[in-house]
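Peer 1: Have a look at this one.
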Amino acid sequence: MSLEDKYKKKNSDIQQRLRSEMEYVKKGQSKKNYVQLSSILEELENMMNNKCLTLYYPRIIVDSWDFNDDLGIELLDLAELYKRWK
């Protein structure tokens with residue numbers, strides 16, 4: 001699997017996980033910030049086919065999410081993969 005294919009699959013998987021987390025927030029089952037999740041999802045959608053974006057979502061995660069948050073860790077890993085794909 002090429003780096004691009006690996007990146008796009010991981011991006012797609014995380015987008016689905018973000019959508020699920022947003023539903024949990026709506027139901028009161030998650031304490032994450034809905035606006036943050038929504039902006040991260042929008043950024044991931046834009047990243048899918050654009051190799052030259054400046055990423056803002058890693059700063060959101062580092063500044064305001066728990067250090068051990070699984071979704072946050074996956075998102076930061078995706079940011080690193082995106083840098084290599086560029």
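Peer 1: Being β-branched (Val, Ile, Thr) and within 14 Å of the chain's Cα centre (by Cα) is the filter here; which residues of the stretch 21-49 pass it?
Peer 2: Across the stretch 21-49, the qualifying residues are Val35, Ile40.
Peer 1: For the stretch 53-64, enumerate the residues that are assigned to a helix (DSSP H, G or I) and either open to solvent by less than 30 Å² (accessible area, probe 1.4 Å) or without any contact (Cβ under 8 Å) to a residue 24 or more places away in the chain (or both).
Peer 2: Correct list: Tyr57, Pro58, Arg59, Ile61, Val62, Asp63.
Peer 1: Would you please name the residue that is modelled with the lowest pLDDT, looking only at residues in the stretch 28-49 that are surrounded by fewer than 16 Cβ atoms within 10 Å (Cβ to Cβ) and outside any helix (DSSP H, G or I)?
Peer 2: The residue in question is Asn49.
Peer 1: Which members of the stretch 65-86 meet the condition of being among the acidic types (Asp, Glu) and open to solvent by less than 70 Å² (accessible area, probe 1.4 Å)?
Peer 2: Listed by number, the residues that qualify are Asp69, Glu74.
Peer 1: Ok, one more. With the structure loaded, tell me whether Tyr24 is touching a residue at least 40 places away in the same chain (Cβ under 8 Å), hydroxyl-bearing (Ser, Thr, Tyr) and either in contact with a His (Cβ under 8 Å, 6 or more places away or on another chain) or surrounded by 12 or more Cβ atoms within 10 Å (Cβ to Cβ) (or both) or whether it fails that test. Spell out the reasoning first.
Peer 2: Details: touching a residue at least 40 places away in the same chain (Cβ under 8 Å): no; hydroxyl-bearing (Ser, Thr, Tyr): yes; either in contact with a His (Cβ under 8 Å, 6 or more places away or on another chain) or surrounded by 12 or more Cβ atoms within 10 Å (Cβ to Cβ) (or both): yes.
For Tyr24, the condition - touching a residue at least 40 places away in the same chain (Cβ under 8 Å), hydroxyl-bearing (Ser, Thr, Tyr) and either in contact with a His (Cβ under 8 Å, 6 or more places away or on another chain) or surrounded by 12 or more Cβ atoms within 10 Å (Cβ to Cβ) (or both) - is not met.
Quick grid of which residues meet (1) assigned to a helix (DSSP H, G or I); (2) touching a Leu at 6+ places or on another chain (Cβ under 6 Å):
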| site | (1), (2) |
| --- | --- |
| Glu4 | yes, no |
| Tyr7 | yes, yes |
| Asp13 | yes, no |
| Lys51 | no, no |
| Phe67 | no, no |
| Gly72 | yes, no |
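Peer 1: Scan the stretch 65-77 and report the pairs whose first residue is farther than 11 Å from Arg17 by Cβ and among the aliphatic types (A, V, I, L, M) and whose second residue is open to solvent by less than 60 Å² (accessible area, probe 1.4 Å) and in a loop (DSSP other than H, G, I, E, B), with Cβ atoms within less than 7 Å and a gap of 6+ or a chain change.
Peer 2: none
The values are calculated or read from the model by the stated rules, or taken from the named source; none is laboratory data. These numbers were taken from a predicted model, which means no experiment stands behind them. When we count neighbours, we look across all protein chains shown, and the Cβ atoms used for this are built from the backbone with ideal geometry, even at glycine. Ligands, DNA and RNA are stripped out before the accessible areas are found, and what is left, the full protein with its side chains, is counted by its heavy atoms. Shrake-Rupley method; radii C 1.70, N 1.55, O 1.52, S 1.80 Å.
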